[in-house]
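The values are calculated or read from the model by the stated rules, or taken from the named source; none is laboratory data. Please read these numbers as outputs of a predicted model, since none were measured by experiment. Cβ atoms come from the backbone with ideal geometry, glycine included; neighbour counts cover every protein chain shown.
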Amino acid sequence: MYGLRQTGRTIHLINLTTQRSLSFSCSLNKETFVRDKPHVNIGTVGHVDHGKTTLTAAITKAMAEAYPEINSFKDYKAIDNAPEEQKRGITINASHVEYSTLNRHYSHVDCPGHADYIKNMISGTSTMDGGILVISAADGVMPQTREHIVLAKQIGVKHLVVFINKCDTVDEEMIELVEMEIREELTACGFDGDNASVIPGSALCEIENKQPEIGREAILKLMEAVDSDIPVPERNLDEPLLMPIENLYKIPGRGTVITGNVERGVANKGDKVEILGYGKHFKGTINGMETYLKTLDRLEPGDNAGVLVKGVNREQLRRGMAIVSPGSVKPALKVEANIYILTDEEGGTGKPLKHMGQNMIFCRTFDCMAATIYKDEKDRILPGENGLMNFVFRVPMVIEEGDRFTVRAGKTTVGTGIVTKVYDELTEDQVAEWFDTKASLKKPL
């Protein structure tokens, strides 16, 4: 169920169950998004309560006051805007904001740190070109700090800048110890810990206009480091469109709005598209595109966009499906992957995946049950090791060679993988029959 609320020339479409909202402009003279700077997708990751959302708000405040003509402040409540998030004081869903430095335009995703919402962190991180690792000076490295670093590395985030937060609560010696600890942790997880930019400060001091040396000055120094340390990625404009679906909204009288991050390709108003995933296949037409209340002339890789699609109903679609160019993608049932099994220290189970077991696979924004099948039933990939194995999804999913994914069991991340081969040898009926067969009677697919 959805409701509408209007403030000025902006309409807010509100999900009456979660109270999360999508805003769009109804002005006849809607502002057009101008691509006058390189665009980069970044985000905040780290342990719960270390200040990721406060830092996100502090960055928008500092940018808005330093460069008011190109930025606006978004406070904490506007970022954690669902009642459950405000009630519990934690981020549950990944939330997006935009801001600009003098050199770049940023789309910033604030990822949840709580262990219960790691799957939302995975989908948020999958769109990032680089990240800001937030760590509390009072706590140091905590379990989700380590898990987020490991996941970011395995998902493909190559560049992290560190912000040591809450420096107003500890002395200089403690800050130095935390810096040493985080550099060691980054190095252990495959990043260049010795040369990583580590900025001490306090996001709350910026929000409350206190101690500018660890408030405003630290935030500006952080963004200078982000500008210099996180390179502008090469965007793939020539391949067919692929945009994983993050959220869906139904706007009365207009149609279905699909939000997500464009992974590759371009699209224009009027283009025909297909929407695939979870064994479904729908066709539609792009009827409009926006990013942060500004009209887009066309979709390009890296855009965090809302796309109005005609010809499909909100009820037919779900998060995790993908908008693609017609005929460009064939969803897969079975893939081969090089899988890495996490150790206990990395937040894993400390056990190998079972042969013909079943686990949840997270890739881009989708999560889907899949069977785990070794090449030889006697093989096992032990924690801390890599190896090849096959994964068979319950239904056809949009996953391709080279895609990275995460394997989870319950609330624990078991491993991460990269697809090395896509098979085209199974039918949906064969897979459905296999999943319905008793475990003792199953044979490898």
Hey, can you tell me all the residues within segment 87-136 that are modelled with pLDDT of 85 or more, in contact with a strand residue (DSSP E or B) (Cβ under 7 Å, 6 or more places away or on another chain) and either assigned by TED's automatic domain parsing to the domain that holds residue 410 or assigned to a loop (DSSP other than H, G, I, E, B) (or both)?
104, 128, 129, 130
Which residues, taken from segment 317-340, are of a type in the set (Val, Ile, Thr) and surrounded by fewer than 21 Cβ atoms within 10 Å (Cβ to Cβ)?
329
State yes or no: is residue 213 among the acidic types (Asp, Glu) and assigned to a loop (DSSP other than H, G, I, E, B)?
yes
Keeping to segment 182-195, report how many residues are surrounded by 18 or more Cβ atoms within 10 Å (Cβ to Cβ) and closer than 28 Å to residue 405 by Cβ.
6
Considering only residues that are of a type outside the set (A, V, I, L, M, F, W, C) and within 17 Å of residue 368 (Cα to Cα), which ones fall in segment 434-445?
436
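Every residue, every condition in (1) closer than 25 Å to residue 366 by Cβ; (2) touching a residue at least 60 places away in the same chain (Cβ under 8 Å); (3) β-branched (Val, Ile, Thr), yes or no:
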residue	(1), (2), (3)
207	no, yes, yes
227	no, yes, no
266	yes, no, yes
269	no, no, no
290	yes, yes, no
Scanning segment 308-332 residue by residue, those among the β-branched types (Val, Ile, Thr) and under 27 Å from residue 421 (Cα atoms) turn out to be 323, 324, 329
Residue under evaluation residue 397, criteria (1) under 20 Å from the mean Cα position of the chain (by Cα); (2) free of Cβ contacts under 8 Å to residues at least 40 places away in the same chain, criterion not met:
(2)
Does residue 201 count as in contact (Cβ under 8 Å) with a residue 12 or more places away in the chain, surrounded by fewer than 17 Cβ atoms within 10 Å (Cβ to Cβ) and in contact with a strand residue (DSSP E or B) (Cβ under 7 Å, 6 or more places away or on another chain)?
no
Please pick out the residue among 431, 419 that is surrounded by 18 or more Cβ atoms within 10 Å (Cβ to Cβ), assigned by TED's automatic domain parsing to the domain that holds residue 343, more than 20 Å from the chain's Cα centre (by Cα) and closer than 14 Å to residue 332 by Cα.
431
Could you check segment 346-394 and list, in sequence order, the residues that are surrounded by fewer than 16 Cβ atoms within 10 Å (Cβ to Cβ) and in contact with a Gly (Cβ under 8 Å, 6 or more places away or on another chain)?
379
Of those in segment 154-181 that are over 30 Å from the mean Cα position of the chain (by Cα) and in a loop (DSSP other than H, G, I, E, B), the residue surrounded by the fewest Cβ atoms within 10 Å (Cβ to Cβ) is 171
